[in-house]
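First up is the structure itself, then whatever we jot down about it.
The values are calculated or read from the model by the stated rules, or taken from the named source; none is laboratory data. These numbers were taken from a predicted model, which means no experiment stands behind them. Backbone-built Cβ (ideal geometry, glycine too); neighbour counts: all protein chains shown.
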């Protein structure tokens, strides 16, 4: 599979299909997920666990693909992520409130598997929609 197909398959099956238990089949054994201030999660099983936690906490999660750019073995996606917070994630929840945030993710695909992901998620928006944090500049 080419890198774009791998990433689209991962997003469709794991995120939009809510199949966290399928995540490992898309990930290299030494996969690393880099989440900025959230930190880095290393290893296929640990990253698969993170994906399971996300789709469990937001069981109706929708990763709405806005843009995708492919350059060789690198794939960049821009998403609008939404759903209802039914469980705990990032120390927040469950609130039973709708959540929404923008995400830009860079994937490196090696030998047909995701080897690394750099996730740039708008967690301020996530915290805002859960009433956890209101930035002073947001009315």
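Brief remarks follow.
- Qualifying position, being more than 19 Å from residue 38 (Cβ to Cβ), part of a loop (DSSP other than H, G, I, E, B) and at pLDDT 90 or above, among 60, 67: 60
- Of the residues making up the stretch 70-94, those that are at pLDDT below 95 and surrounded by 14 or more Cβ atoms within 10 Å (Cβ to Cβ) are 89, 90, 92, 93, 94.
- Any hit, the stretch 121-128, residues being under 21 Å from residue 23 (Cα atoms), surrounded by 14 or more Cβ atoms within 10 Å (Cβ to Cβ) and modelled with pLDDT of 90 or more: yes
- Candidate set: the stretch 1-48, residues that are touching a residue at least 40 places away in the same chain (Cβ under 8 Å), in a helix (DSSP H, G or I) and more than 14 Å from the chain's Cα centre (by Cα); chosen: the one nearest to residue 91 (Cα to Cα): 37
- The selection criterion, being surrounded by fewer than 17 Cβ atoms within 10 Å (Cβ to Cβ), under 13 Å from the mean Cα position of the chain (by Cα) and under 24 Å from residue 129 (Cβ atoms), does not hold for residue 97.
- Test: residue in the stretch 45-54 that is at pLDDT below 95, surrounded by 15 or more Cβ atoms within 10 Å (Cβ to Cβ) and more than 16 Å from residue 18 (Cβ to Cβ): no
- For the stretch 82-139, residues that are part of a strand (DSSP E or B) and touching a residue at least 24 places away in the same chain (Cβ under 8 Å) total 26.
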